[in-house]
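So the structure is just underneath, and the comments pick up after that.
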Amino acid sequence: MEYMLLIHADPVGFAALSEADAAAAMTAYTAYTEALTKAGLIRGSNRLKPADMSTTVRVRGGKTEVLDGPFIETREQLGGYFLIDVPDLDAALSWAARCPGASHGTVEVRPVWDMSRE
Amino acid sequence: MTPANAAEQAARRSYGRLVAYLSARSRDVAGAEDALADAFEAALARWPLDGVPANPEAWLLTVARRKTIDALRGRRRGEEAAAWLEWLAALETPADTVALPDRRLELMFACAHPAIDAAVRAPLMLQAVLGFDAATIAAAFLVAPAAMSQRLVRAKAKIREARIGLQLPGHAELGERLAAVLSAIYAVYADAWTDAAGTDPRRRELAGEAIWLARLVASLLPQEPEALGLLALMLYSHARRAARRDAAGVYVPLSEQDPALWERALIDEAEGLLHLAASHGRPGRYQLEAAVQSAQLEGRRRGRVDWVAIEQLYAALCALTGSPVAALNHAVALSQAGDAAAGLARLDALQAELGGYQPYWAARAELLGRGGRHADAREACERAITLEADEAVRQFLRRRAAAWG
């Protein structure tokens, strides 16, 4: 079953890290990605640019509205994700706990809707 | 227990076994409940009259299968039918139902999973493992039936949709996960006692059901001392239920209860469990609380309570849990053990946290009264009375206040 690990973190905190600490954090993410890959569980992963780079779009009454900024303004932002395929929630939770994002932010574990079974 | 009660209990036990067995295969607790609902209802109606069948699980499976076939016949072809067909296959009676694997412990771990809202864990266990309906559970937990029903539906959907596994946690997680299971069972028991007068039979029965759940966990995990500790704690408390009210229905505190009214067999069983638990050398919250009960009861029977020992047990409990209620009990024990000033000082420090808690003011009144500060004691006792909802306890507190008058 697929789960999306959504990493919510404060980008200000990351930006304030020293060069060495930032490099260590990146290394931790690389090692984590490698561990997931070796276990054959990873289905996709990306780091997102900060939310102040976001633009939101919605269509209302046939008119496209484009706005600068994220959908929801919060201190902790969605900063990246891992899409993994594991047997059950406990396995997903244990991988989420190993994600470096869990130590500096919060990882939300969301089951993916399997549309092929609907 | 009447034969009708025994038959109802047998139906609940078999139902829980089957819900657990079917959920473990399908990961769908709500689906398993639905598949068994009609059969369970039939068992609740018929077993008290006809007697419990020789093989209760096979009886329930056979009826559930027949009801599923009826439901299928009444349906048109389509997606719905596919789901019913799957259940039909799942309901196939195994060749040997006596050897049907008991997955109730796994089901309890799923109900008390950290991904399930803590407030719904105890209700969920009562429904999935014992087959109580949402209305009964709602009445016990003083929640509106619609709200309770909604919470239960949501929790079961989460087990299915987020795929919470019906399996025992690994060794590294077992301690923490077991604590959540035990805490939910204790919540069932504690909740039953909030109706201490026992006027609501639905809630009174819950205490017995909580003990049954604790027995089940203790029998399936005998190497876990806290599981034994919780069962011991509840048995000590349950053994004294007849002594908690006098003939007029007024609350009787432990120090004034008649030990002749205590149920000796339950206390002996609790003592045995506590000894077995202690032999593991891994103390915990429930073992310590049970040990306090043991010391209190033993002291009452001998006519001399060892307050120094009780003070030490509460000190250990405070260090372990950091609970303000444990600290309150520790303050009382300190005072009883001879250090009245230390006890009162400890109470002063707790006032900000426990100022809205009836037992805090009742304990404060006792300590002040014992120190000769009768006017202050009466005032604290009146605070306690305003915070107490149970008339039997209020009556007891009024008597205490009058004694300091």
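Read-outs throughout are calculated quantities, based only on the coordinates presented, and are distinct from any laboratory measurement. Keep in mind the model is a prediction, meaning the values are calculated, not measured. We place every Cβ from the backbone using ideal geometry, glycine too, and count neighbours over all the protein chains shown.
A few remarks follow.
- Averaging 1/r across all pairs of distinct Cα atoms in region A:35-118 and inverting the result yields a Kirkwood radius of 15.4 Å.
- The phi-based Karplus calculation (6.51 cos²θ - 1.76 cosθ + 1.60; θ = phi - 60°) puts the 3J(HN,Hα) values of region B:10-18 at 4, 4, 5, 4, 5, 4, x, 4, 6 Hz, whole numbers, x for Gly and Pro.
- Residue (of B:A39, B:L276, B:V308) at the positive-pole extreme of the protein assembly as shown, dipole from beta-carbon charges: B:A39
- Taking the number of Cβ atoms within 10 Å of each Cβ as an exposure proxy, the fewest-first ranking of B:L216, B:L276 is B:L276, B:L216.
- Helix B:29-50 vs. chain B, principal-axis angle (Cα, 0 to 90°, nearest 10): 80
- Cβ-based net charge around B:E226, under 14 Å, with every Lys or Arg adding one and every Asp or Glu removing one: 0
- Cα point-scatterer Debye curve for chain B, base-10 log of I(q)/I(0) at q = 0.06, 0.09, 0.10 Å⁻¹: -0.29, -0.63, -0.75
- Our estimate of slack between B:E391 and B:D117, defined as 0.36 nm per intervening residue step minus the Cα-Cα distance, is 95.4 nm.
- Across region B:389-396, rounded Karplus estimates of 3J(HN,Hα) from the backbone phi angles (6.51 cos²θ - 1.76 cosθ + 1.60, θ = phi - 60°) give 8, 7, 4, 4, 6, 4, 4, 4 Hz, Gly and Pro being marked x.
- Between 0 and 90°, nearest 10: helix B:358-370 axis offset from chain B longest Cα axis: 20
- Alpha-carbon centroids, region B:225-274 and region A:97-118: separation in whole Å: 47
- Averaged over the residues of peptide B:102-114, the number of Cβ atoms from other protein chains lying within 10 Å of each residue's Cβ is 1.
- Taking every residue in B:81-91 and counting other chain Cβ atoms within 10 Å of its Cβ, the average works out to 0.
- Relative protection proxy for B:142-151, B:116-125, from highest mean packing down: B:116-125, B:142-151 (other beta-carbon atoms within 10 angstrom).
- The lysines within cross-link reach of A:K38, meaning a Cα-to-Cα straight distance under 27 Å and a gap of 8 or more places when in the same chain, are A:K49.
- Chymotrypsin sites (Phe, Trp or Tyr not before Pro) restricted to region A:66-118 and DSSP loop, no more than 10 other C-beta within 10 Å: A:W113
- Per-residue Cβ neighbour rank within 10 angstrom, fewest leading, B:L130, B:L182, B:L221: B:L221, B:L130, B:L182
- Efficiency of FRET from Cβ geometry, A:T106 and B:E263, R₀ 51 Å, rounded to 0.05: 0.55
- Stokes-Einstein D in µm²/s, Kirkwood radius over Cα pairs - the protein assembly as shown at 20 °C with 1.002 mPa s viscosity: 80
- Simple label model, 7 Å out from Cα along Cβ direction - B:A349 to B:A248, nm: 3.9
- Averaged over peptide A:87-94, the number of partner chain Cβ atoms lying within 10 Å of each residue's Cβ comes to 6.
- Rounded to the nearest whole Hz, the Karplus-based 3J(HN,Hα) values (6.51 cos²θ - 1.76 cosθ + 1.60, θ = phi - 60°) of region B:228-244 follow the sequence 5, x, 5, 4, 4, 4, 5, 5, 4, 5, 5, 4, 9, 4, 6, 8, 7, with x at glycine and proline.
- B:A82/B:H275 FRET efficiency (R0 45 Å; Cβ-Cβ; nearest 0.05): 0.25
- Against the empirical curve 2.2 N^0.38 Å, the C-alpha radius of gyration of region B:1-99 lands at a ratio of 1.09.
- As a rough footprinting exposure proxy, the listed residues B:R65, B:R301 were ranked by other beta carbons within 10 Å of their own, and the order from fewest upward is B:R301, B:R65.
- Relative to the longest principal axis of the Cα atoms of chain B, the long axis of helix B:171-194 makes an angle of roughly 70 degrees.
- Helices in the protein assembly as shown, meaning DSSP H runs of at least 4 residues, each add -39500 (n - 2.57). Divided by all residues, the mean residue ellipticity at 222 nm is -21000 deg cm²/dmol.
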